[in-house]
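What follows is a single structure, written as structure tokens, with notes after it.
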Amino acid sequence: MTTARDIMTPDATCIGAQETVLEAAKKMADLGVGALPICGEDNKLKGMLTDRDIVVKVLAAGKDPARTKAGELAQGEAVTIGADDDAQEILRTMTQHQVRRLPVIDGHSLVGIVAQADVARALPDPQVGDLLEALSS
């Protein structure tokens, strides 16, 4: 059984909720990623920040990325997956919530991220095709 732990990208780097969106964008560029988990001072996951969020919710809205805090963009409870959840649960969760990236939680700790690309590399073609179709509609 393939689990989230098996296919995730480990050691996800957080952006602090009190850090600015500009700092987040720089961190994304340095890491070569399109999303970062937002973590609070208690080191608990508050949400996900994507490059699209920065463009749509900050730049296009006329907000200053040097003054806008990453935590302001966290919306509700983050959609996550357990480290030992199987591939079917990953597919179901991504499809149901229309997300391309899932933070992976072990207990209360963030241990990695499962991205759409991780799923594509790890699972058989028909399952990947179904996921891509569901996320693209």
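The values are calculated or read from the model by the stated rules, or taken from the named source; none is laboratory data. Just so it is clear, the structure is predicted and the values come from calculations on it, not from any experiment. Here the Cβ positions follow ideal geometry from the backbone for every residue, glycine too, while neighbour counts run over all protein chains shown.
Under the condition of being buried (at least 19 other Cβ atoms within 10 Å of the Cβ), under 20 Å from T20 (Cα atoms) and at pLDDT 90 or above, the residues counted in the stretch 72-96 number 1. Just one of the listed residues (G32, G62) is over 18 Å from Q116 (Cα atoms), over 13 Å from the mean Cα position of the chain (by Cα) and not acidic (D, E), namely G62. Kindly list, by first and then second residue, each pair from a residue in the stretch 95-124 that is basic (K, R) to a residue that is not in a helix (DSSP H, G or I), limited to pairs with Cβ atoms under 7 Å and residues at least 6 apart or on different chains. As it stands, the answer is R100/A115; R101/A35; R101/M48; R101/I113; R101/A115, since those pairs meet every condition given. On inspection, V104 qualifies as crowded, with 20+ Cβ neighbours inside 10 Å and modelled with pLDDT of 85 or more. Reported count of residues in the stretch 49-82, each being of a type outside the set (V, I, T), part of a loop (DSSP other than H, G, I, E, B) and over 12 Å from A25 (Cβ atoms), is 11. Pick from the stretch 1-17 the residues that are loosely packed, with under 14 Cβ neighbours inside 10 Å and assigned to a loop (DSSP other than H, G, I, E, B): which of them is modelled with the lowest pLDDT? For the stretch 1-17, the residue satisfying everything is M1.
Residues considered: V79, V114, V104, V56. Of these, the only one that is among the hydrophobic types (A, V, I, L, M, F, W, C) and more than 14 Å from the chain's Cα centre (by Cα) is V56.
Can you pull out the residues in the stretch 18-48 that are in a loop (DSSP other than H, G, I, E, B), buried (at least 17 other Cβ atoms within 10 Å of the Cβ) and at pLDDT below 95? Once the filter is applied, which keeps residues that are in a loop (DSSP other than H, G, I, E, B), buried (at least 17 other Cβ atoms within 10 Å of the Cβ) and at pLDDT below 95, the stretch 18-48 yields only V33. Looking across the stretch 107-128 at every residue that is buried (at least 18 other Cβ atoms within 10 Å of the Cβ) and of a type in the set (V, I, T), the one that is farthest from T20 (Cα to Cα) is identified as V119.
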